[in-house]
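Asker: What follows is a single structure, and I will ask about it in a moment.
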Amino acid sequence: MSMMHSGPAGVNATRVYPKGEAPAPDGAVEGESTEPNGKIEVSSRAIATVAGRAVAQCYGVVGIAARHPRFATVETLPPEQYGRGVEVRFVEDHVIIDLFVVLEHGLRISEIAHNIMSNVKFAVERTLGLPVVRINVNVQALRVSRDS
């Protein structure tokens, strides 16, 4: 998957590739590029970081949860570990993001999930320029606020 970015006037466009998927130009050694500006590779971890921060800013989200809960308990992750609760996959020329979240009890789950999908799609596409075709929100747990 690649996406063209146009730079300032007089500067050639640069392609953005998922990490490790940049094609080698004909007759070139892997890792070399014939484009004057070079290539940009975006890792799954970078995408997960952007997505995780977008999720954390959504109303009704208590936190990001680990994909695989330890000892049958769901834990919310600190920002530096958001990658454990965000899975990024590249299928053909598309990015698919799976999110594992803990939401606030008493709010409409479907509305929060749609808000998460919208915010993550916008954040990833705006920040990294990668088209996102699917975002799956997996609600791992609901938390009751202490005020209730």
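The values are calculated or read from the model by the stated rules, or taken from the named source; none is laboratory data. If you're wondering where the values come from, they're calculated on a predicted model, not measured in any experiment. Backbone-built Cβ (ideal geometry, glycine too); neighbour counts: all protein chains shown.
Asker: Within region 124-137, restricting attention to residues that are more than 15 Å from V91 (Cβ to Cβ) and free of Cβ contacts under 8 Å to residues at least 60 places away in the same chain, which residue is surrounded by the most Cβ atoms within 10 Å (Cβ to Cβ)?
Answerer: V137
Asker: Which numbered condition trips up R143, out of (1) under 19 Å from A48 (Cα atoms); (2) in contact (Cβ under 8 Å) with a residue 40 or more places away in the chain?
Answerer: Result: R143 passes all but (1).
Asker: Additional query: Provide a single number: the residues in region 91-137 that are among the hydrophobic types (A, V, I, L, M, F, W, C) and either in contact with a His (Cβ under 7 Å, 6 or more places away or on another chain) or assigned to a strand (DSSP E or B) (or both). Quick ask: steps written out before the conclusion?
Answerer: So the first thing to find is which residues in region 91-137 are among the hydrophobic types (A, V, I, L, M, F, W, C), and the list is 91, 95-97, 99-103, 107, 109, 112-113, 116-117, 120, 122-124, 128, 130, 132-133, 135, 137.
Cutting the leftovers down to either in contact with a His (Cβ under 7 Å, 6 or more places away or on another chain) or assigned to a strand (DSSP E or B) (or both) gives us 91, 95-97, 99-103, 132-133, 135, 137.
Residues that pass the stated criteria total 13.
Asker: Among the numbered criteria (1) free of Cβ contacts under 8 Å to residues at least 40 places away in the same chain; (2) of a type outside the set (D, E, K, R); (3) farther than 21 Å from R134 by Cα, which single criterion is violated by G83?
Answerer: It is condition (3) that G83 fails.
Asker: How many of the residues making up region 66-114 are in contact with a helix residue (DSSP H, G or I) (Cβ under 9 Å, 6 or more places away or on another chain) and either among the hydroxyl-bearing types (S, T, Y) or outside the structural domain of V50 (by TED's automatic domain parsing) (or both)?
Answerer: 2
Asker: If I filter region 103-123 for residues that are surrounded by fewer than 16 Cβ atoms within 10 Å (Cβ to Cβ), of a type outside the set (G, A, S) and within 24 Å of V42 (Cβ to Cβ), do I get at least one hit?
Answerer: yes
Asker: So, one more: Given the criteria modelled with pLDDT under 90 and in contact with a helix residue (DSSP H, G or I) (Cβ under 6 Å, 6 or more places away or on another chain), does V42 qualify? Full working, then the answer.
Answerer: Working: modelled with pLDDT under 90: yes; in contact with a helix residue (DSSP H, G or I) (Cβ under 6 Å, 6 or more places away or on another chain): yes.
Answer is yes for this residue.
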